[in-house]
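One structure is given below, encoded as structure tokens.
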Amino acid sequence: MTAPTNPPQPPATGGTRLDPWFGAYAERAHGMRASEIRALFSVANRPEVVSLAGGMPYLDGLPLDTIAETVQHLVATRGATALQYGSGQGDESLRERILDVVRLEGIDCHPDDVVVTTGSQQALDLVTRIFIDPGDVIVAEAPSYVGALGVFRSYQADVVHVPLDEHGLVPEILDETLTSLAAAGRRVKLLYTVPNFHNPAGVTLSAERRPRVLEIAQRHGVLVVEDNPYGLLGFDGETLPALRSLDEDGVLYLGSFSKTFAPGYRVGWVVAPHAVREKLVLASESAILCPSNASQLAIGAYLDTCDWKGQIKQFRELYRERRDAMVGALAEHLPAASWTVPEGGFYTWVRLPEGVDARSMLPRAVTARVAYVPGTAFYADGSGADHMRLSFCYPTPERIREGVRRLAGVVNAERELVEIFGTGAGLDPDPTDVENPSPDLA
Ligand code: PMP
């Protein structure tokens, strides 16, 4: 097959290879682009770079020998099932075990309310697929998880942001935003929120605000998508009631084993009202037929044979120590910035000193062998350059301190540049240009 002879071409920017199929893509594909996180991984994974960028959980503490034995036993005893196709909704015994997990957040539901997905990322895709037509509005926190924004963009949703403060989503502004969208005749379908230990902002929706947010969403007829991969990772062991535990019909709850166990199995789930659950299963079957039986049974065996609650407790302690290292190093080396102090999860959200642009500074940070994610990745409109997300989940406390020390050197040099030349003084190579990284990034 040959490419069409004269398809419309993208503008030829420096280093971008022309794509002979450019004119053939569906409109939704034109909105897809490499996330800043993905572009970073190509360099940030080098051992000499301290990566405060990615959200990879630290897995060395897992009982790998025991897990290996359970997997071996599983394949030896139930291999013909584990390696077979399975149910579109997910393995029933795993769905029953998932009830034990969500009960920790006050959710009381039936295995039939649960749909197993390939990570909660697929759940985001399915939910968006069944609810969003091009131009529909999704209200999302400012900032929002970059992977959700990518899904929303790919279904051509319009994302309208509502700000967060240190207690999470601000109910009054949510109400005002939904009111003015309705007045403008806009169709708002979903409210997307990460209530616990937010990615990237590190904040948690307070217990007091939870019923208010639900009441507002209900009054405006908007379905809430509660994306909650970090809820059990609170450093003081406190777990707030899930939004779903307060409202069965108005909330789609997304959970995941990625952060409390291991992302490699790619197992997440949705707890959904009955009718929505059916649509989700149909959408999932058309996308993947069924989630991996091998992964689901392996997770089931882990939950049956290992002390998974004890493991989560260990993770909390590990991440708390790293959070302390991160905020301690920020206080020591970067007093001109300000940051959130998360009570759980993986991330802190740093506001940079006046005039410093996180996006244009990134290549110089990587040259100084430290990586982060610029705030611009977490806004649908590309704002947020005055912030950066720092992850403390993967590097050791010692590496975190070293990374922040390096970062402080870069930020201080940047402040001097801004003082001399004004805001926007930095060079501005595009850090998302994966095919042709600047020599600084390579
Ligand atoms: N939602 C949020 C808020 C996340 O931080 C992540 C992973 N970084 C995901 C969803 C996707 O996780 P997974 O697909 O591994 O369950």
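The values are calculated or read from the model by the stated rules, or taken from the named source; none is laboratory data. Worth saying up front: this structure is predicted, and the values here are computed from it rather than measured. Don't worry about glycine lacking a Cβ; one is built from the backbone with ideal geometry, like all the others, and counts go over all protein chains shown. Just the protein is used for accessible areas: all its heavy atoms, side chains included, with ligands, DNA and RNA removed. Shrake-Rupley method; radii C 1.70, N 1.55, O 1.52, S 1.80 Å.
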* What is the log10 of I(q)/I(0) for the chain, computed with the Debye formula using one identical point scatterer on each Cα and no solvent, at q = 0.09, 0.10, 0.14 Å⁻¹? -> -0.61, -0.76, -1.42
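Over the chain, with the other protein chains present, what is the accessible area per residue in square angstrom, probe 1.4 angstrom? Display every interim value, and only then the final one.
Details: 19360 Å² over 442 residues.
Ligands and nucleic acids excluded, the result is 44 Å² per residue.
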* Structure fact -> Pseudo-spin-label distance Ser383 to Arg405, built 7 Å along Cα→Cβ, given in nm, is 3.7
* Within segment 170-192, whose backbone N sits under 20 Å from a point 7 Å along Cα→Cβ of Gln218? -> 170-179, 188-192
* So in segment 221-328, what percent of DSSP beta bridges are antiparallel if you round to the nearest 5? -> 50
* **Under 24 Å from Lys279, Cα to Cα: lysines that are on another chain or at least 8 residues apart** => Lys189
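Using packing as a proxy for protection, rank 19-30, 376-387, 299-310 so that the peptide with the highest average count of other Cβ atoms within 10 Å comes first. Write down the numbers at each step before the final one.
Values: 19-30: 11.7, 376-387: 19.7, 299-310: 16.8.
Ranked from most to least packed, the peptides come out as 376-387, 299-310, 19-30.
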* **Sites Ser286 and Thr396, calculated FRET efficiency, Cβ-Cβ separation with R0 56 Å, nearest 0.05** => 0.80
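Of all the accessible heavy-atom surface of the chain, with the other protein chains kept in place and a 1.4 Å probe, what percent is carbon and sulfur? Walk me through the intermediate numbers first.
Details: 10020 of 19360 Å².
Solvent-exposed carbon and sulfur of the chain make up 52 percent of the total.
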* Whole-number percent relative contact order across segment 329-401, with pairs defined as alpha carbons under 8 Å at least 6 apart -> 32
* For Ile130, tell me the accessible area in Å² from a 1.4 Å probe, rounded to the nearest 10. => 50
* Asked: Give or take rounding to whole Å, what are the principal axis extents of the alpha carbon atoms in segment 249-360, in descending order?
  -> 51, 35, 29
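Could you work out the helix-only [θ] at 222 nm for the chain, with each DSSP H run of four or more residues adding -39,500 (n - 2.57) and the total divided by the number of residues, to the nearest 500 deg cm²/dmol? If you can, show how the numbers build up before the last one.
On the way: 14 runs with 183 residues, N = 442.
After summing the helix terms and dividing by the residues of the chain, the value is -13000 deg cm²/dmol.
Take the Cβ-Cβ distance between Ala275 and Leu64 as r, set R0 to 56 Å, and report the resulting FRET efficiency rounded to the nearest 0.05. Please report the intermediate quantities before stating the final value.
Details: r = 42 Å, r/R0 = 0.74.
Here the calculated transfer efficiency is 0.85.
Based on DSSP, what percent of beta bridges with both residues in the chain are antiparallel, to the nearest 5? Could you put the intermediate results ahead of the total?
Values: 20 of 40 bridges.
For the chain, the DSSP antiparallel bridge percentage is about 50.
Full-extension gain between Thr77 and Phe421, please, as 0.36 nm times their residue separation minus the C-alpha to C-alpha distance. All intermediate terms of the calculation are to be shown ahead of the outcome.
On the way: separation 344, 0.36 × 344 = 123.84 nm, distance 6.88 nm.
Working it through step by step, the gained length comes to 117.0 nm.
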* With point charges of +1 on the Cβ of Lys and Arg and -1 on the Cβ of Asp and Glu, referenced to the Cα centre of the chain, which listed residue (Thr305, Gly231, Leu352) lies farthest in the positive direction of the dipole? -> Thr305
